[in-house]
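Taking it in order: structure first as structure tokens, then the write-up.
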Amino acid sequence: MLAGQLALITASAFSGAAIYVNVVEQPSRLRLDDRALITEWKPAYKRGTFMQAPLAAIGFVFGALAAWQTGNWWWLVGGVVLVANWPFTFLGIMPTNNKLMAVDPTSATPEVRQLIKTWGYLHAGRSALGVVATVIFLAASL
């Protein structure tokens, strides 16, 4: 069943990217000074959004299609968990994103560093949702 395999692949790609941000990118950027920190975060966030948002939506569509094709509704559950990243981002992370995007790098303060640390903790929720969706898709495929 191709739709299920594509759902699993998409969720795995989403999870890998999200975990990479938390495990590699975030600790590395926190070693920068405050000005460089916000200067690096802004384009990295924008690029990450353009990659991860479509993966969540595509994974949901493939999960829903697999559920419809097989009658195994765990595929739909996995898709819903994966696409839950959208409302989680809009409701939970976007206020922090908006504050960070409004910062002029030339006036960066230690408060910016704390906001980026907070953003990293919130982003870990996206990583967790991706991993949970991947595990659900994997279980549904067995």
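In summary, Asn97 fulfils each of the numbered conditions (1) outside any helix (DSSP H, G or I); (2) out of contact with any helix residue (DSSP H, G or I) (no Cβ under 6 Å at 6 or more places or on another chain) with the single exception of condition (1). Screening Ile38 with (1) crowded, with 17+ Cβ neighbours inside 10 Å; (2) within 22 Å of Phe137 (Cα to Cα) gives one miss only, at (2). Could you go through segment 80-94 and let me know if any residue there is buried (at least 17 other Cβ atoms within 10 Å of the Cβ), within 18 Å of the chain's Cα centre (by Cα) and more than 26 Å from Ala139 (Cβ to Cβ). Yes: segment 80-94 contains one or more residues that are buried (at least 17 other Cβ atoms within 10 Å of the Cβ), within 18 Å of the chain's Cα centre (by Cα) and more than 26 Å from Ala139 (Cβ to Cβ). Given (1) farther than 14 Å from Thr134 by Cα; (2) touching a helix residue (DSSP H, G or I) at 6+ places or on another chain (Cβ under 9 Å); (3) at pLDDT 95 or above, where does Ala11 come up short, assuming only one miss? All conditions are met except number (1). Give the residues of segment 38-74 that are part of a helix (DSSP H, G or I) and over 20 Å from the mean Cα position of the chain (by Cα), sorted by residue number. Correct list: Thr39, Leu65, Ala66, Ala67, Trp68, Gln69, Thr70, Trp74. Taking segment 103-142 as the range and being among the small types (Gly, Ala, Ser) and either within 21 Å of Ile19 (Cβ to Cβ) or at pLDDT 95 or above (or both) as the test, the residues that pass are Gly120, Ala124, Gly125, Ser127, Ala128, Gly130, Ala133, Ala139, Ala140, Ser141. The residue that is farthest from Thr118 (Cα to Cα), among those in segment 1-29 that are crowded, with 23+ Cβ neighbours inside 10 Å and within 14 Å of the chain's Cα centre (by Cα), is Thr10. Applying a threshold of 6 Å to beta carbon distances and a minimum spacing of six or more residues, or different chains, the list of pairs starting in segment 12-29 at a residue that is in a helix (DSSP H, G or I) and ending at one that is hydroxyl-bearing (Ser, Thr, Tyr) reads Ser12/Thr134; Ser15/Thr134; Ala18/Ser127; Ile19/Ser127; Asn22/Ser127.
The values are calculated or read from the model by the stated rules, or taken from the named source; none is laboratory data. Keep in mind the model is a prediction, meaning the values are calculated, not measured. In this analysis, Cβ positions are derived from the backbone assuming ideal geometry, glycine residues included, and neighbour counts consider all displayed protein chains.
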